[in-house]
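*Asks:* Have a look at the structure that comes next, please.
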Amino acid sequence: MNPLVMPLNIGKDDTFRISWKNRYFKATAALVLPHKISTPEEAGAVIGDAQVVIKLIDFKTDLKSKMLAALSQNSEPAKAGGDIFGIVARLNVKQGKFVGIEDVRATKESAEGGANFLDDSAEVLRLDGTEKQLLIGALNISLTPVVLDSIRQPFAAFDASLTETWKDRDLQSIQADKLVPFQMLFPNGQPIERFVDGERYVIDDLYCTNPACSCTDVTCVVLKFLPHSGTEVAWGGFKWNIESDKLKPLPQFSNKFNAAEWFKQFNAASGFDLKLLLSSRQKFMRNEYIAARRAQR
């Protein structure tokens with residue numbers, strides 16, 4: 001099976017920065033899953049040993065960096081094209097440490113801003129043991145609490161011990177009889193999304209957190225993002241019952257919305273089996289969230 005690439009939503013721009021080779025880089029990252037994650041055991045294996053692709057962009061080429069450099073007496077003039085490095089590394093998500101380097105490549109950003117460190121023109125850097133350890137050290141320093149929390153959020157439903165920052169919120173302000181979106185607690189978690197004719201659709205999955213209720217429904221509202229404004233609109237929706245494994249369209253949406261087909265297509269686009277992901281999130285919300293809410297009383 002082909003590997004699946006899952007971009008990591010690491011906070012705001014410039015949150016993920018790396019100092020390496022006496023230079024400063026802005027980084028973006030993605031997880032490379034060996035295949036679609038279909039069991040809790042497979043999710044646990046990735047948490048213990050994840051392959052991460054990191055793109056380092058020379059900070060000199062960043063607009064904010066240029067503005068700050070212009071105010072510095074010791075600044076160097078920014079070049080039209082900067083260096084871009086691509087790193088494939090191993091990360092123990094649970095421990096919060098990079099443990100190995102598999103591949104490092106370098107290329108030049110063109111004057112127009114385009115570059116791909118995976119193409120044939122990229123130079124493969126042969127790092128010796130000492131150089132690899134220096135790079136691992138630089139990567140680990142970059143794992144600030146904010147960055148590490150963002151990396152761990154996609155796996156929170158599979159291992160509740162990974163992150164507890166969501167408990168710092170005022171959970172008492174959320175009514176117990178209301179449906180609670182998983183994204184309210186984990187805004188940097190990997191979204192459940194698919195693209196149709198260039199348009200983006202995302203599932204906003206909501207869970208019953210009333211301790212007196214024993215339902216096993218997951219309510220999914222499909223949001224469509226308008227291409228020009230980026231505004232989100234409710235496009236459709238359905239309920240999925242974990243015990244019966246049945247789908248039911250939400251009555252407030254058109255009966256032309258095919259819940260089974262949309263579920264199938266979202267599942268095809270996801271790095272996680274959708275039923276596994278939703279059932280794991282439902283268990284998390286029924287156990288961890290309700291317990292944390294009670295603890296705030």
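The values are calculated or read from the model by the stated rules, or taken from the named source; none is laboratory data. Keep in mind the model is a prediction, meaning the values are calculated, not measured. All Cβ positions, even for glycine, are placed from backbone atoms using ideal geometry, and neighbour counts span all protein chains on display.
*Asks:* On the given criteria, is Ile242 at negative phi, β-branched (Val, Ile, Thr) and in contact (Cβ under 8 Å) with a residue 60 or more places away in the chain?
*Replies:* No: the conditions fail for Ile242.
*Asks:* May I pose another question? Take the conditions surrounded by fewer than 18 Cβ atoms within 10 Å (Cβ to Cβ), closer than 30 Å to Gln172 by Cβ and either acidic (Asp, Glu) or touching a Ser or Thr at 6+ places or on another chain (Cβ under 7 Å) (or both) and apply them to Asn241. Does it pass? Working first, answer last.
*Replies:* Working: surrounded by fewer than 18 Cβ atoms within 10 Å (Cβ to Cβ): yes; closer than 30 Å to Gln172 by Cβ: yes; either acidic (Asp, Glu) or touching a Ser or Thr at 6+ places or on another chain (Cβ under 7 Å) (or both): yes.
So Asn241 passes the test.
*Asks:* While we're on this one: Got a number for residues in the range 159-174 being among the acidic types (Asp, Glu) and either surrounded by 16 or more Cβ atoms within 10 Å (Cβ to Cβ) or under 21 Å from Val46 (Cα atoms) (or both)? Walk me through how you get there before you give the answer.
*Replies:* Step one: filter the range 159-174 for residues among the acidic types (Asp, Glu), giving 159, 164, 168, 170.
Still in the list and also either surrounded by 16 or more Cβ atoms within 10 Å (Cβ to Cβ) or under 21 Å from Val46 (Cα atoms) (or both): 159, 164.
So the count comes out to 2.
*Asks:* If you don't mind, there's one more thing I want to ask. Give the residue that is modelled with the lowest pLDDT, with candidates limited to residues of the range 74-132 that are within 20 Å of Leu143 (Cα to Cα) and aromatic (Phe, Trp, Tyr).
*Replies:* Going through the qualifying residues, I end up with Phe85.
*Asks:* Show me the helices (runs of 4 or more DSSP H) found entirely inside the range 241-297 where at least 2 residues are closer than 22 Å to Thr39 by Cβ. First the steps, then the outcome.
*Replies:* On the way: elements: 259-269, 274-284, 290-295.
Once the helices (runs of 4 or more DSSP H) in the range 241-297 are filtered for at least 2 residues that are closer than 22 Å to Thr39 by Cβ, what remains is 259-269, 274-284.
*Asks:* Please work out which residue is farthest from the chain's Cα centre (by Cα), limiting yourself to the range 173-195 and to residues that are modelled with pLDDT under 90 and within 23 Å of Phe263 (Cβ to Cβ).
*Replies:* Restricting to residues being modelled with pLDDT under 90 and within 23 Å of Phe263 (Cβ to Cβ), the top hit is Pro191.
*Asks:* Follow-up question, since we're still on this one. Would you be able to tell me the number of residues in the range 1-41 that are modelled with pLDDT of 90 or more, of a type in the set (Lys, Arg) and part of a loop (DSSP other than H, G, I, E, B)?
*Replies:* So the answer is 1.
*Asks:* Inspect all residues belonging to the range 175-185 and state whether any of them is basic (Lys, Arg), touching a residue at least 40 places away in the same chain (Cβ under 8 Å) and surrounded by fewer than 19 Cβ atoms within 10 Å (Cβ to Cβ).
*Replies:* no
*Asks:* All but one of (1) crowded, with 17+ Cβ neighbours inside 10 Å; (2) in contact with a Cys (Cβ under 8 Å, 6 or more places away or on another chain); (3) of a type outside the set (A, V, I, L, M) hold for Thr209; state the number of the condition that does not hold.
*Replies:* Going through (1) crowded, with 17+ Cβ neighbours inside 10 Å; (2) in contact with a Cys (Cβ under 8 Å, 6 or more places away or on another chain); (3) of a type outside the set (A, V, I, L, M) one by one, Thr209 breaks only (2).
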